[in-house]
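Enquirer: Below are the structure tokens for one structure; questions will follow.
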Protein chains: 2
Amino acid sequence: MKTCPETTVRAWVNLVRVEQKLLADVEAELKAAGCPSLAWYDALLELSRAPGGRMRPVDLERAMLLPQYSTSRLVDRLVKAGLAIRQVCPIDGRGQFIEISGEGRRLQKRLWPFYAEAIQRHLGARLSREEIARLGSLLGKLV
Amino acid sequence: MKTCPETTVRAWVNLVRVEQKLLADVEAELKAAGCPSLAWYDALLELSRAPGGRMRPVDLERAMLLPQYSTSRLVDRLVKAGLAIRQVCPIDGRGQFIEISGEGRRLQKRLWPFYAEAIQRHLGARLSREEIARLGSLLGKLV
DNA sequence: TTCTTATAGATGCGATTGCATTCATGTGTC
DNA sequence: GACACATGAATGCAATCGCATCTATAAGAA
């Protein structure tokens, strides 16, 4: 197909396949260890890194590249689980602040070792250092 | 974290983020053009390439790296849409053959240009030829 | 002010997913 | 054959997703 060389198709197919498989494997491993979903972890990490431990849903949405309704519901669940707290936003009456709770921070920290180990086993251990670095950098250009 | 170097985490994060964004973008583009989901396309492609245009659900499942129930339901929809035909499997009484229909083949062929163009625009056009090739090959080692 | 348009966020509803289980057939052992 | 166990496939149910829409506030124009 002249609009799309074979190498591009190969990269695409591999990208999709690899990501889905890795994500499913890591997720399954975490679930088996009694951990909540990766999305929760990501959200908690974003919140914990934000100044004051809080973000507006819009910003969380952009940071996580999620659709708006998805963020809205994720936040719902975090709040319901006591991992985050909803606050009114003094700057913008339409908005709010989501602040990570102490429990949220603790969970995030407790989760990291599991997460890291899963990533290392499924990704890190299967390529050389140089390959990992190159992969990360190539993908970085696409973010 | 000593079990997981920073470069590995970077590769992981980029991999997940890039794939999700690209997939969502391409999928949205196809949907806007009235095309069915990518999963349908992939399944039709697998079937069309298989000898006799047919595969056992188990094999389709392995080829697409999907969970079993997912394949089962995908096949359901394809059959319901007239794009594939369920056949009894003479070799194994538990199994079946799924054969792509004429309409299925036509749809697959009709879809490809849209698909290719979207891949080219979102992935191919954003890296050099060499980079694409390297990306594809690095990811290939992880399949 | 009033009207229009843009943005933040929530939500109803139908489609899809994940999990666990079920059913049916195949395989191996005795 | 009779049994236990493995494998192919479907499905009930709850959770989640995607889409479209809705509410409320903000920002700007007339």
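The values are calculated or read from the model by the stated rules, or taken from the named source; none is laboratory data. Keep in mind that what you see is a predicted model, and the values were worked out from it rather than measured. Methodologically, a virtual Cβ is constructed for each residue, glycine included, from the backbone with ideal geometry; neighbour enumeration extends over all protein chains shown. Keep in mind that these areas ignore ligands, DNA and RNA; they rest on the heavy atoms of the full protein, side chains included. Shrake-Rupley method; radii C 1.70, N 1.55, O 1.52, S 1.80 Å.
Enquirer: Away from DNA strand D (no atom under 16 Å from the Cβ), polar (S, T, N, Q) and closer than 29 Å to A:Thr8 by Cβ: which single residue out of B:Ser101, B:Ser137, B:Ser70 fits that description?
Expert: B:Ser137
Enquirer: Identify, by number, the condition in (1) closer than 30 Å to B:Leu135 by Cβ; (2) within 16 Å of DNA strand C (Cβ to nearest atom); (3) touching a Ser or Thr at 6+ places or on another chain (Cβ under 8 Å) that A:Phe114 doesn't meet.
Expert: Looking at each condition in turn, A:Phe114 falls short on (3).
Enquirer: On the basis of being within 14 Å of another protein chain (Cβ to nearest Cβ), assigned to a helix (DSSP H, G or I), open to solvent by 50 Å² or more (accessible area, probe 1.4 Å) and within 30 Å of A:Trp112 (Cα to Cα), does B:Arg10 make the cut?
Expert: Details: within 14 Å of another protein chain (Cβ to nearest Cβ): yes; assigned to a helix (DSSP H, G or I): yes; open to solvent by 50 Å² or more (accessible area, probe 1.4 Å): yes; within 30 Å of A:Trp112 (Cα to Cα): yes.
Taking the combined requirement at face value, the residue satisfies it.
Enquirer: Which one of these does A:Val79 not meet: (1) closer than 25 Å to B:Trp12 by Cβ; (2) in a helix (DSSP H, G or I)?
Expert: Of (1) closer than 25 Å to B:Trp12 by Cβ; (2) in a helix (DSSP H, G or I), only one is false for A:Val79: (1).
Enquirer: Would you tally the residues in region A:114-132 being assigned to a helix (DSSP H, G or I), facing chain B (nearest Cβ under 8 Å) and surrounded by 15 or more Cβ atoms within 10 Å (Cβ to Cβ)?
Expert: The initial filter retains those residues of region A:114-132 that are assigned to a helix (DSSP H, G or I), namely A:114-122, A:124-126, A:129-132.
In the following step, the residues that additionally are facing chain B (nearest Cβ under 8 Å) were identified as A:116-117, A:119-120, A:124, A:126, A:129, A:131-132.
Now restrict to residues that are surrounded by 15 or more Cβ atoms within 10 Å (Cβ to Cβ): A:116-117, A:119-120, A:124, A:131-132.
Residues flagged as assigned to a helix (DSSP H, G or I), facing chain B (nearest Cβ under 8 Å) and surrounded by 15 or more Cβ atoms within 10 Å (Cβ to Cβ) within region A:114-132 amount to 7.
Enquirer: Here's a check for you: in region A:30-66, which residue that is open to solvent by 60 Å² or more (accessible area, probe 1.4 Å) and under 21 Å from B:Val16 (Cα atoms) is farthest from DNA strand C (Cβ to nearest atom)?
Expert: Applying the filter and picking the extreme gives A:Arg49.
Enquirer: Report whether or not A:Ala24 is surrounded by fewer than 15 Cβ atoms within 10 Å (Cβ to Cβ), within 14 Å of chain B (Cβ to nearest Cβ) and not polar (S, T, N, Q). Outline the logic, then answer.
Expert: Working: surrounded by fewer than 15 Cβ atoms within 10 Å (Cβ to Cβ): yes; within 14 Å of chain B (Cβ to nearest Cβ): yes; not polar (S, T, N, Q): yes.
Against the criterion (surrounded by fewer than 15 Cβ atoms within 10 Å (Cβ to Cβ), within 14 Å of chain B (Cβ to nearest Cβ) and not polar (S, T, N, Q)), A:Ala24 qualifies.
Enquirer: Which residue out of B:Glu29, B:Glu19 is at pLDDT 90 or above and either part of a helix (DSSP H, G or I) or under 15 Å from the mean Cα position of the chain (by Cα) (or both)? Working first, answer last.
Expert: Numbers: B:Glu29 fails: at pLDDT 90 or above.
So the residue among B:Glu29, B:Glu19 that is at pLDDT 90 or above and either part of a helix (DSSP H, G or I) or under 15 Å from the mean Cα position of the chain (by Cα) (or both) is B:Glu19.
Enquirer: Give A:Leu66, A:Leu74, A:Leu111 a once-over and let me know the one that is without any contact (Cβ under 8 Å) to a residue 60 or more places away in the chain, out of contact with any His (no Cβ under 9 Å at 6 or more places or on another chain), not polar (S, T, N, Q) and not in a loop (DSSP other than H, G, I, E, B).
Expert: Details: A:Leu66 fails: not in a loop (DSSP other than H, G, I, E, B); A:Leu111 fails: without any contact (Cβ under 8 Å) to a residue 60 or more places away in the chain.
Residue meeting the stated conditions: A:Leu74.
Enquirer: I'd like the full set of residues that are modelled with pLDDT under 95 and under 30 Å from B:Arg54 (Cβ atoms), limited to region B:110-138.
Expert: B:Arg110, B:Leu111, B:Trp112, B:Pro113, B:Phe114, B:Tyr115, B:Ala116, B:Glu117, B:Ala118, B:Ile119
Okay, residues lined up against (1) open to solvent by less than 60 Å² (accessible area, probe 1.4 Å); (2) away from DNA strand C (no atom under 12 Å from the Cβ); (3) under 19 Å from the mean Cα position of the chain (by Cα); (4) within 14 Å of chain B (Cβ to nearest Cβ):
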| site | (1), (2), (3), (4) |
| --- | --- |
| A:Gln68 | no, no, yes, yes |
| A:Ala81 | yes, yes, yes, no |
| A:Gly95 | yes, no, no, no |
| A:Gln108 | yes, yes, yes, yes |
